[in-house]
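Q: Take a look at this one; I'll ask things after.
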Amino acid sequence: MSGLRIPLDGPDGSGTAHALSVLAPNPSPMTLDGTNTWVIGTGEDVLVVDPGPEDGPHLRRLADLLRGRRVTAILLTHGHHDHSGGARRFAELVRAPVRALDPGHRLGDEGLADGDVLTVGGLELHVVGTPGHSFDSLCFWLPEDRAMLTGDTVLGRGTTVIAPDGDLADYLRSLDLLRARAEQVGAEALLPGHGPVLPDPIGALEGYIAHRRQRLDQIRDACGRGARTPAEIVEIVYGDVDRSLWPAAEMSVRAQLSYLEGIEGGR
Ligand SMILES: [Zn+2]
């Protein structure tokens, strides 16, 4: 039973019975409402996923909220600064280790990898390796609530970009894996790194997969019509998208071009 909570005024305070979003004040076209910091557990011990950017008021609000409870570990869905920038400072505030796939983002001896199972206050949290948005992206499955924390692999609104340290072929594989996993385990909610909770995991994942395939077809088509540079492709394919997002779109086009070159080269 997920016990879904979806406030009408945005992601802050949203979540499931054992996962609570504390929204960081860093809204932007790329981060939507801001970064969702997730608190996992309702008892004395909790895990904190993605402390968010290095923002003093946010980190103090989070620490105040958790006063009297123990943060057993801080986990990162990936190393991008809007998720990890505040990790070191928050770790000092609550005296907890930071665990991440990328050793460069850890504080303490323990890492995080696909297949790891963490426990906190009788809850399990399963680590699922989902490279693609970035090389080090992880999702976390909370079986008790049938909920998957997705970081930037799936967002609550719109679609995500493939960052320069990501890979589209990996990303497509990760979406397929999440889709299969969601069906297998009966997932009832996706808890994203940005934006609102998604109550229909399979529908959301299928939408993401279809969108990616459609964009790839559009890019093939734009190239067929003579577009040569990523900027030219963006003008054709992303003409309907707000111009403030064009730099991100160009990054995404570059990732898609190298993916298409890869499969046409028989990778
Ligand atoms: Zn992010």
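The values are calculated or read from the model by the stated rules, or taken from the named source; none is laboratory data. As the structure is a prediction and not an experimental result, all values here were calculated from the model. Because the Cβ atoms are built from the backbone with ideal geometry, glycine has one as well, and the counts that use them run over all protein chains shown. The accessibility values were calculated without ligands, DNA or RNA, using every heavy atom of the protein model including side chains. Shrake-Rupley method; radii C 1.70, N 1.55, O 1.52, S 1.80 Å.
Q: Just report the Cα centroid separation between segment 47-74 and segment 14-34, whole Å.
A: 13 Å
Q: Among PRO199, GLY262, PRO247, whose Cα lies farthest out toward the positive end of the dipole of segment 194-267, if unit charges sit on the beta carbon of Lys, Arg (+1) and Asp, Glu (-1)?
A: The one lying farthest along the dipole's positive direction is GLY262.
Q: Under a point-charge model restricted to the Cβ atoms of Lys and Arg (+1) and Asp and Glu (-1), what is the dipole moment magnitude of the chain relative to its Cα centre, in debye to the nearest 20?
A: Charge dipole, the chain, about its Cα centre: 180 debye, nearest 20.
Q: If you don't mind, there's one more thing I want to ask. DSSP loop (so not H, G, I, E, B), at most 13 other Cβ within 10 Å: list which trypsin sites (Lys or Arg not before Pro) in segment 150-254 pass both filters.
A: ARG157, ARG225, ARG228
Q: If you don't mind, another one. Could you give the length gained on full extension between VAL117 and ASP200, defined as 0.36 nm per residue of separation minus the Cα-Cα distance, in nm?
A: So the chain would gain 27.4 nm between VAL117 and ASP200.
Q: Here is a follow-up. Quick one: if the Förster radius is 30 Å, what FRET efficiency do ASP109 and VAL241 give, using the C-beta to C-beta distance and rounding to 0.05?
A: So, using R0 = 30 Å, E works out to roughly 0.10.
Q: How many percent of the alpha carbon pairs in the chain exceed a separation of 24 Å?
A: Distances greater than 24 Å cover 47 percent of the Cα pairs.
Q: Moving to a separate point now. Any chance you could list P(r) for segment 204-247, counting all Cα-Cα pairs in 5 angstrom bins from zero, rounded to whole %?
A: With a bin width of 5 Å, the distribution comes to 5, 23, 25, 22, 18, 5, 1.
Q: Percent antiparallel among DSSP beta bridges with both residues in the chain, to the nearest 5?
A: Just about 70 percent of them are antiparallel.
Q: Follow-up. Over the Cα atoms of segment 71-156, compute the convex hull volume and normalise it per residue, giving Å³.
A: Per residue, the Cα convex hull of segment 71-156 comes to 99 Å³.
Q: Oh, and also: Can you list the equivalent-ellipsoid semi-axes of segment 2-67, largest first and in whole Å, using the square root of 5 times each Cα gyration tensor eigenvalue?
A: Semi-axes, largest first: 19, 16, 9 Å.
Q: Would you work out what percent of the accessible area of segment 58-101, with all protein chains in place, is carbon or sulfur (probe 1.4 Å)?
A: Here carbon and sulfur together make up 47 percent of the probe-accessible area.
Q: Could I ask something else about it? At q = 0.11, 0.12, 0.17, 0.19 Å⁻¹, work out log10 I(q)/I(0) for segment 16-128 with the Debye formula, treating every Cα as an identical point scatterer and leaving solvent out; two decimals please.
A: For the requested q values the scattering log ratios are -0.31, -0.37, -0.76, -0.96.
Q: Taking 0.36 nm per residue of separation and subtracting the Cα-Cα distance, what length does fully extending THR159 through CYS223 add?
A: Working it through step by step, the gained length comes to 20.8 nm.
Q: So, by mean Cβ neighbours within 10 angstrom, what's the order for 114-120, 68-74 with the highest one leading?
A: So the order, starting with the most tightly packed, is 68-74, 114-120.
Q: Can you give the relative contact order of the chain as a percent, counting alpha carbon pairs under 8 Å and 6+ residues apart?
A: Relative contact order for the chain comes out at 14 percent.
Q: Residues of the chain: accessible area per residue at 1.4 Å, in Å²?
A: Per residue, the chain has an accessible area of 44 Å².
Q: I'd like to compare 44-50, 236-242: which one has the highest average count of other Cβ atoms within 10 Å, and what's the full order after that?
A: 44-50, 236-242
Q: What is the sum of charges, Lys and Arg at +1 and Asp and Glu at -1, for the other residues whose Cβ falls under 13 Å from the Cβ of PRO103?
A: -2
Q: Could I ask something else about it? Considering the alpha-carbon set of segment 138-222 alone, what are its Rg and its Dmax in angstrom?
A: According to the Cα coordinates of segment 138-222, Rg and Dmax are 12.8, 46 Å.
Q: Starting from 0 in steps of 5 Å, tell me what percent of the Cα-Cα pairs of segment 106-157 lands in each bin.
A: Percent of Cα pairs in each bin: 5, 19, 24, 26, 17, 7, 1, 0.
Q: May I pose another question? In Å and on Cα atoms, what radius of gyration and Dmax does segment 162-208 show?
A: Using the Cα atoms of segment 162-208, the pair Rg, Dmax is 11.4, 33 Å.
Q: Counting DSSP beta bridges in segment 114-223, what percent are antiparallel, to the nearest 5?
A: 75 percent
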